[in-house]
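These notes are about the structure you will find just below.
The values are calculated or read from the model by the stated rules, or taken from the named source; none is laboratory data. Bear in mind that the values here come from a model prediction, so they are computed numbers and not experimental data. Note: ideal-geometry Cβ built from the backbone for every residue, glycine included; neighbour counts use all protein chains shown. Quick note on the areas: whole protein, heavy atoms, side chains included, nothing else; ligands and nucleic acids left out. Shrake-Rupley method; radii C 1.70, N 1.55, O 1.52, S 1.80 Å.
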Amino acid sequence: MPGRSEIIFFVISMSLCGLWQTANAQTFSIKGRVVDVKGVPIELVTIAVSPSADLTDSTYFNVLATVNTLPNGQFTVSDLAAGDYGLTAFFAGKKLERRVVKIDKVDIMLSIILEDLETSLEEITVDAENQGAFGLKRLRAVERDGIYDAKKNEVVVIDEITANLATNNSRQVYAKVAGLNIWESDGAGIQLGIGGRGLSPNRSSNFNTRQNGYDIAADALGYPESYYTPPVQALQSIEVIRGAASLQYGTQFGGVINFRFREGDADKPFSLTSMQTLGAFGLFNSFNSLGGTAGKINYYAFYQRKQSDGWRPNEGLNQDVVYGALRYAVTPAWSIKGEYTYMSYLAQQPGGLTDTQFADNPRQSNRERNWFAVDWNLFALSSDYALSGRTNLNTRFFALRAGRDALGNLGRIDRIDFGGNRDFISDRFSNWGNETRFIHRYPLLNDFSVLLLGMRYYKGFTDRMQGEGSAENDAVFEYNNPTLLEGSDFDLPNTNFSFFAEKILNMGPKLSFVPGARFEYIRTEAEGYYRNTVRDLAGNILLDEQIDEVRDRTRSFVFFGLGASYKESPSLEFYSNISQNYRAINFNDIRVSVGRLEVDPDIQDERGFNVELGARGASYGLLNYDISLFHLAYKDRIGTVLRSEPNPQFNNLVDRIFRYRTNVADASIYGLELYAEFDVLRPFLKKNNRAGLSLFTNFALIQATYSDSDEPGIEGNDVELVPRYNLKTGVTVTHGNFELAWQIALVDEQFSDATNAARTPTAIEGLIPAYNVMDISSRYTFNRFRLEAGINNLADTRYFTRRATGYPGPGIIPSVGRSWYLSAGVKL
């Protein structure tokens, strides 16, 4: 493993290389002034410079520099090498202006006149030129403060999908993102559970989850689970970045999911959106937002209220979400933005089912006293500063103050709850951090290269307690003995510092290489106690001892990655990349007693790598596709196996069976991911015709097996939570302002644990059978109004996607049967 001196040398070398090349290359500028048809200067017009060939390609593979015009309408794009460039001027409410500019030994002076948009139809044409076809696009090679060249990424454009947005329906929202395995734990979309490439979907914990670029999970290191999911109705887009793309966001195997919120209208001081939804099983969702731009201030805020009785008994919930953001343009080159998010919900949980119970009646519930409550407070302050037309600096501070309370009977689901004290687990999360990114474009080899440098500091603290709670039926989140808990009480601080560097090295207009490196320093600590209590069959205590525990573990390492991209044409790009990955063990999950789970005290961190090769492209309005092969190598994968040992309740004459969490084996995961969408009618219609018939297919074929295991009966088994095939396909019909979408998801069977148990009495382990489910959604817009309606699970399929080890189970968590929704909204 390289030492710190090698890391510093690597980063300094990349930096000095870029600065030396910049200093020794003769550069020029494009200067100009932007006015309207009356000759009045226009401030804050976006000027984008790209290779001239990109003017014929709406996907803009490589934007070299962007600047905004000053109050007098003037702009300067400096440090450009001699050559041909494409220049685009964009301002909301004005027509796009595009120029081909040739620089030959002198600076260029331009005068640009922007005309007003004449009709709403022309606005739609402008949108089509910005990347949003079929509701799925890809990030540009350089976008905002990140590098995405040669990396697997998908961007879900919310306004261009027809889906049940009121309930955050994951299988519809993410229908075109290839290979995702989705858990459906509730019918209201409170929590998001997605995984990909053989990784567990549990609260999306194998992804680094962010909103507007900053963390939103409970604890990025100690407990990277997402109890908060932003309302889809408030989002502009969702960015899913996988494989080697995770290097600039962390070393996790899954990659990153970034929820990008809407902003206030740029050309209005005030706008209001209200969407009200009614649905089956008592669903009510109210979403209301306002925003706008007044002078140098842009603002956006929303409030969402959601409640539901649930498909099963004992499944009611209430949720409130509030968000506010304020961005102030200090100068045309510098802006600061503050954000606050509050989320709170209380949910009753009907518990899991055994296989027999599910087969008999999946809507039944034998738990009335299980409750779950979450409160989430997120803070963020960011600054974006354009040091020049090709150099940007972004820094963002973020903090979380949150908690989650789980109360109920966690005993075997095949046994009746006879009352008595309930198990109560309470977590309090307090963390903060800063991430700073510096991105610089510079001429090299008759083209532009890009250097990204970044650092991240993160400080987390979790207070986790477990003990006996109230014997009542209601949501009373209090301990019976708060000073001496029956379970455990731990303080779990952690510290993380990282430094990362990536570089796009363009070897001409078609070929580019992207090397990268990331240094990580991680310190995880645990201090507290847990109780070891043994009872006989009559409930008498045979052993009761308090065990104090202190742990402190520090490690540091550097990982590398390399990507390559060859752009044969605007509609065909070949890409490949490889990146090392790492996932730290979570100390704060070790001493929680859930479902007879015990954890190996010598459990080790997980390591491995991602490698992929793919081809993608788009002819917007006609075809969009991405096909890739991948291999994920996982060393010392953490999993759960069944073990036995002599049981003191029977004088050690009979063994007790328990679940054991440890490094079960190495895992090899190979797969094919395919997404393709085609508009059948587009070749036969005029350009501005607003009719369409698009077909899409999203298919993943994955082989995942265990090897090199010290655990008996594991080697050669299938890796858990990996369906062999995962297919989502559908059709969208468009006619004027009306859209109708139908889709079907077909998912193969999968095991829930490494032992590949087909069935157990507790229903925690076992097979998750193959299933298929259909949805139909529609929307109609007229003037300022919108109507949406649909039916989820059209065929009323009885299926499940998850076997829970604890909350909201334990046991099988049935997915919701047929349901409907109807939404009505207005935008003023």
(request) At 25 °C and 0.890 mPa s, grab the translational diffusion coefficient of segment 309-370 from Stokes-Einstein with a Kirkwood Rh over Cα pairs, rounded to a whole number in µm² per second. (result) 160 µm²/s
(message) Once neighbouring chains are kept in place and the probe is 1.4 Å, which whole percent of the accessible area of segment 239-323 is contributed by carbon and sulfur?
(response) 60 percent
(request) For n ≥ 4 DSSP H runs only, could you compute -39500 (n - 2.57) per run for the chain, divide by its residues and tell me the 222 nm figure to the nearest 500? (result) -1500 deg cm²/dmol
(request) Per residue of segment 387-392, in order, report the coupling 6.51 cos²θ - 1.76 cosθ + 1.60 (Karplus, θ = phi - 60°) as ³J(HN,Hα) in whole Hz, putting x for Gly and Pro. (result) 5, 7, x, 10, 9, 10
(message) Give me the extension gain from Leu543 to Arg305: residue separation times 0.36 nm, minus the current Cα-Cα distance, reported in nm with one decimal.
(response) 80.8 nm
(request) Alpha carbons only, please: Rg and Dmax for the chain, in angstrom. (result) 27.4, 95
(message) Using a 7 Å offset from Cα along Cα-Cβ at Val37, what residues in segment 64-104 end up with backbone N under 15 Å from the label point?
(response) 93-97
(request) Compute the whole-percent fraction of alpha carbon pairs in segment 167-230 spaced more than 20 Å apart. (result) 22 percent
(message) Going Cα to Cα from Lys38, which lysines come in below 17 Å? Please leave out same-chain ones fewer than 8 positions away.
(response) Lys94, Lys95
(request) Note down the nm distance, to one decimal, between modelled labels 7 Å out along Cα→Cβ at Asp600 and at Thr533. (result) 3.0 nm
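Heavy-atom accessible area per residue, the chain, 1.4 Å probe: how many Å²?
Value for the chain: 39 Å² per residue.
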(request) Any chance you could list the semi-axes, whole Å, largest first, of the equivalent ellipsoid that the Cα gyration tensor gives for segment 201-241, using √(5λ)? (result) 18, 10, 10
(message) Run the simple label-point estimate for Asp708 and Thr554 please: 7 Å along Cα→C-beta, distance reported in nm.
(response) 2.9 nm
(request) Tell me the label-point distance for the pair Ile297, Asp84, using the 7 Å Cα-to-Cβ offset, in nm and rounded to one decimal. (result) 4.8 nm
(request) Divide the volume of the convex hull of the Cα atoms of segment 718-759 by its number of residues and quote the answer in cubic angstrom per residue. (result) 75 Å³
(request) In square nanometres and to one decimal, what's the mean projected area of the convex hull around the Cα atoms of segment 371-470? (result) 10.7 nm²
(request) Starting from the Kirkwood radius over alpha-carbon pairs of segment 129-261, derive D by Stokes-Einstein at 37 °C in a medium of 0.692 mPa s and give it in µm² s⁻¹. (result) 222 µm²/s
(request) Please sort 440-451, 89-100 by packing, taking for each peptide the average over its residues of neighbouring beta carbons within 10 angstrom, highest first. (result) 440-451, 89-100
(message) For segment 682-743, report the % of Cα-Cα distances exceeding 17 Å.
(response) 62 percent
(request) On a C-alpha basis, how far is the centre of segment 167-199 from the centre of segment 666-704 in Å? Whole number, if you could? (result) 18 Å
(request) Count neighbours as other Cβ atoms within 10 Å of each site's Cβ, and list the GluC sites (Glu not before Pro) in segment 715-756 that are DSSP loop with at most 15 such neighbours. (result) Glu715, Glu749
(request) Using packing as a proxy for protection, rank 214-224, 475-485 so that the peptide with the highest average count of other Cβ atoms within 10 Å comes first. (result) 214-224, 475-485
(message) Here is the link list: Lys686/Lys728; Lys268/Lys827; Lys152/Lys503; Lys31/Lys105. Which ones come out longer than 22 Å on Cα distance?
(response) Lys686/Lys728
(request) Determine how many Å³ per residue the convex hull of the Cα atoms of segment 326-406 encloses. (result) 156 Å³
(message) On a full-extension model of 0.36 nm per residue, what is the gain between Glu368 and Arg690, subtracting their alpha-carbon distance, rounded to one decimal in nm?
(response) 110.8 nm
(message) Past the 19 angstrom mark, what percentage of all C-alpha to C-alpha distances in segment 193-301 do you count?
(response) 55 percent
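For segment 237-370, go through all pairs of different Cα atoms, get the mean of 1/r, take its inverse, and jot down that Kirkwood value in Å.
After inverting the pairwise mean of 1/r, the radius is 18.7 Å.
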(request) Consider just the alpha-carbon atoms of segment 260-330 and return their Rg together with their Dmax, both in angstrom. (result) 16.1, 54
(message) Please compute the length gained on full extension between Val322 and Thr729, using 0.36 nm multiplied by the number of residues separating them and subtracting their Cα-Cα distance.
(response) 143.1 nm
(message) Sorting check: for 382-393, 703-714, which peptide has the highest mean count of neighbouring beta carbons within 10 Å, and how do the rest follow?
(response) 382-393, 703-714
